[in-house]
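Student: Attaching a single structure in C-alpha cells format; questions to follow.
The values are calculated or read from the model by the stated rules, or taken from the named source; none is laboratory data. Since this is a predicted model, take the numbers as computed values, not measurements. Every residue, glycine as well, gets a Cβ built from its backbone with ideal geometry; the counts of neighbours run over all protein chains shown.
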Amino acid sequence: MKNPDHNPAAINGHALRPESLMMSYGYTPAWSEGAIKCPIFQTSTFVFKNAEEGKAFFELAYGLRSADPGEEMGLIYSRLNNPSLEILERRLCLWDGAEEAASFASGMAAISTTLLALLQPGDVVLHSEPVYGGTDFFLKNILPKFGIRAVGFRPAATPAEMADLVADLAPGRLALIFVETPANPTNHLVDLEACAALARAHATPDKPVRLVVDNTFLGPVFQHPLRHGADVVIYSATKFLGGHSDLIAGAALGSAAIMKEIKAMRTFTGTMCDPNTGWMLMRSLETLKLRMERAAASARTIADWLLAHPLVARTYYLGHLAHSPAQQDIYDRHCASPGSMISFDICGGEAEAFRFLNALQLFKLAVSLGGTESLAEHPATMTHSDISVPEQAEMGITAQMIRLSIGVEDAQDLMLDLEQAFQAVGVGQAVPEMEWA
C-alpha cells in the first residue's frame, strides 16, 4: 500500500512535519468509501485475484526471490501483514526517520523478537544497567537458555571501561549492544555515540555488532537514537505512543535490511500487533507531540518543586544534571527535552515511601507510564523487584525511590496531591501558585 500523491508528504518542496503527517500519511479515503479515518481491517486472511498472484506474494514473503522494481509484497495473512498495521508502521517511521518499522503485541514482544532475530547461540549481549525489570529478566534468565550470554555495564561505566568488558570476551563473541536510555527508573543517560563506536570497532564483514536502543522514556519526540548510530530503536508502544493506558503494544524501527530479519522472526514467533490495537495506536499518534509536550512542561515545574522539598533527598530528572557534567553533555547531544519521568528519593526508607504512595489521591498507584493520567510506583518492590537488593543498590535503585509519570492534569493540582502525601509522611511545604499562559 503506497502513499497516494494527493496525500502529500511535502508541499511546494517543503517536507511536512510528523505531527502533520500523523493525520493522513499512508492512507487515502477513496480506499474505504471516503472514510476520513483508516478503518480497522479486522480480518485474518486476504483473497488473491488468482493463483499466480498468490504464488508471487508467497515467493516474496518467504524470500524465494527478490522483488522486481517497484514490487511490494501483497496482502496474505494478518500474521504477516495487514493494511491497518502497514499504515501504522509507515507513520511510526516518520518520527525517527527510519526506513521501516514493525509493530508488536507488547514492548517485551518487540525486545524479545528483535534480540532473537539478531542473536545466535554463542553470542554475547553487552547491555546497560538498569533496564526495565522485564528486560533485565529476559537478558539474564531467558537468553542463556538459548546459549546467549548477557554482560551488563553499570551506570557510571566510561567508554574505556565498556571497551575493557568487551576485551575480556573471546574474539568474535560480541554480537549486540543493548541500551535503555534514559534508564528505568533512574533516568540515567547512556552515550549512544560511544556505544555505536564500540559496536563498529568490533564488527567484521562476517559478524556485525548491532546497537539496539530502548527509547521508551523519551519517545520519538524528544530523542532519536538512529541519528546517533543506533541500528534499531525499540518502544513499548503501551507508553507514550499509545498514551491512554488502554492498549498493550510495541514497536521496532531501523533500516530495511535489518527490519527484514526482525519481521521474519516476528512472522514465525507470532508476536505481531493486532489490527484493533494498531488502529488505536494511529489514533494516539495524532496527539503524541501535544501530550508529551504538555506532560514535560508540567514535569519540569513539579521536578523543580520536589528538588527544594524538605522530604526529598534527591531527584532523578533530566533537567537536574548540574551535578554531572558527563550526563549533561550526553543530554545536550541526544535529548530535546527532559521528558515527563521523575524519580526521587524520599527521606527515610521503604516505610516512608509506602506511606507517601498510600496517601496519594490524584496520582494513581500503578506501574506503567506515559499515559494521560499521572502514576506513581515503588521500583524496588514493583517494576524492578526481580533484581536482587545488592544489584539494585549498584544500579542506583534505592528503597526510598519513588517513580512518577507525569500526565496531562493541571500541574498545580498534581503538586497539591504530592504535598498532602508528604504531609502524611510528616513534613510539608507550600505549593506555589501558578499561572498558565
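Student: Starting from residues that are of a type in the set (Val, Ile, Thr) and assigned to a loop (DSSP other than H, G, I, E, B), keep the ones in segment 176-199 and report whichever is surrounded by the most Cβ atoms within 10 Å (Cβ to Cβ).
Tutor: Taking the candidates together, the pick is Thr181.
Student: Oh, and also: Just to verify a result, which residue in segment 405-427, among those that are in a loop (DSSP other than H, G, I, E, B) and modelled with pLDDT of 95 or more, is surrounded by the fewest Cβ atoms within 10 Å (Cβ to Cβ)?
Tutor: Asp410
Student: Inside segment 307-318, can you point out the residues that are in a helix (DSSP H, G or I) and crowded, with 23+ Cβ neighbours inside 10 Å?
Tutor: None - no residue of segment 307-318 is in a helix (DSSP H, G or I) and crowded, with 23+ Cβ neighbours inside 10 Å, so the list stays empty.
Student: Of all residues in segment 259-298, count the ones that are aliphatic (A, V, I, L, M), within 18 Å of the chain's Cα centre (by Cα) and closer than 30 Å to Ser66 by Cβ.
Tutor: 3
Student: Here are Ser32, Ser78, Ser20, Ser24: which of them is more than 18 Å from Lys260 (Cβ to Cβ), under 23 Å from the mean Cα position of the chain (by Cα) and not aromatic (Phe, Trp, Tyr)?
Tutor: Ser20
Student: Checking the conditions here, which among Ala167, Ala163 is at pLDDT below 95, of a type in the set (A, V, I, L, M, F, W, C), surrounded by fewer than 19 Cβ atoms within 10 Å (Cβ to Cβ) and out of contact with any helix residue (DSSP H, G or I) (no Cβ under 9 Å at 6 or more places or on another chain)?
Tutor: Ala167
Student: Inspect segment 97-112 for any residue being polar (S, T, N, Q), part of a helix (DSSP H, G or I) and closer than 19 Å to Ile258 by Cβ and give the result as yes or no.
Tutor: yes
Residue by residue, here is whether (1) surrounded by 11 or more Cβ atoms within 10 Å (Cβ to Cβ); (2) assigned by TED's automatic domain parsing to the domain that holds His224; (3) modelled with pLDDT of 90 or more; (4) out of contact with any Phe, Trp or Tyr (no Cβ under 6 Å at 6 or more places or on another chain) holds:
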| site | (1), (2), (3), (4) |
| --- | --- |
| Met1 | yes, no, no, yes |
| Asp5 | no, no, no, yes |
| Glu33 | no, no, no, yes |
| Ile40 | yes, no, yes, no |
| Gly54 | yes, no, yes, no |
| Leu60 | yes, no, no, yes |
| Leu64 | no, no, no, yes |
| Asp96 | yes, yes, yes, yes |
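Student: So, of the residues in segment 132-160 that are over 27 Å from Pro325 (Cα atoms) and of a type in the set (D, E, K, R), which turns out to be surrounded by the fewest Cβ atoms within 10 Å (Cβ to Cβ)?
Tutor: Selected residue: Lys145.
Student: OK, next. For the condition without any contact (Cβ under 8 Å) to a residue 12 or more places away in the chain and within 21 Å of Pro155 (Cα to Cα), what is the one hit in Ala393, Ala380, Ala399?
Tutor: After applying the criteria, what remains is Ala393.
Student: How many residues are of a type in the set (Phe, Trp, Tyr), assigned to a loop (DSSP other than H, G, I, E, B) and more than 23 Å from the chain's Cα centre (by Cα) if we restrict to segment 113-166?
Tutor: 0
Student: Okay, next question. Looking only at segment 5-35, which residues are closer than 19 Å to Leu288 by Cβ and not in a helix (DSSP H, G or I)?
Tutor: Ala9, Ala15, Leu16, Arg17, Met22, Met23, Ser24, Tyr25, Gly26, Tyr27
Student: Residue under question is Ser112, and the condition is that it be of a type outside the set (Val, Ile, Thr), surrounded by fewer than 23 Cβ atoms within 10 Å (Cβ to Cβ) and touching a residue at least 12 places away in the same chain (Cβ under 8 Å); does it hold?
Tutor: The answer is yes for Ser112.
Student: Only residues in segment 247-259 that are at positive phi and not assigned by TED's automatic domain parsing to the domain that holds Leu119 count as the first member; pair them with residues that are surrounded by fewer than 21 Cβ atoms within 10 Å (Cβ to Cβ) and not basic (Lys, Arg), Cβ under 6 angstrom, at least 6 apart or cross-chain, and list the lot.
Tutor: As it stands, the answer is none, since no pair meets every condition given.
Student: Across segment 344-369, what is the number of residues that are touching a Ser or Thr at 6+ places or on another chain (Cβ under 6 Å) and part of a loop (DSSP other than H, G, I, E, B)?
Tutor: Adding up the residues that qualify gives 3.
Student: Can you find, within segment 210-230, the residue that is farthest from the chain's Cα centre (by Cα) among those that are part of a loop (DSSP other than H, G, I, E, B) and buried (at least 24 other Cβ atoms within 10 Å of the Cβ)?
Tutor: Ala230
Student: Does Ser128 count as within 25 Å of Gly63 (Cα to Cα) and of a type outside the set (Lys, Arg)?
Tutor: Taking the combined requirement at face value, the residue does not satisfy it.
Student: Does segment 193-214 contain any residue that is touching a helix residue (DSSP H, G or I) at 6+ places or on another chain (Cβ under 8 Å), among the small types (Gly, Ala, Ser) and within 26 Å of Glu293 (Cβ to Cβ)?
Tutor: No: segment 193-214 contains no residue that is touching a helix residue (DSSP H, G or I) at 6+ places or on another chain (Cβ under 8 Å), among the small types (Gly, Ala, Ser) and within 26 Å of Glu293 (Cβ to Cβ).
Student: Let me ask something else about it. Does Ala322 satisfy the criteria of being aliphatic (A, V, I, L, M) and not in a loop (DSSP other than H, G, I, E, B)?
Tutor: Considered against the rule, which asks whether it is aliphatic (A, V, I, L, M) and not in a loop (DSSP other than H, G, I, E, B), Ala322 comes out as no.
Student: Condition first: assigned to a helix (DSSP H, G or I) and aliphatic (A, V, I, L, M). Now tell me which residues in segment 61-96 satisfy that.
Tutor: Passing the criteria: Ala61, Leu85, Ile87, Leu88, Leu92, Leu94.
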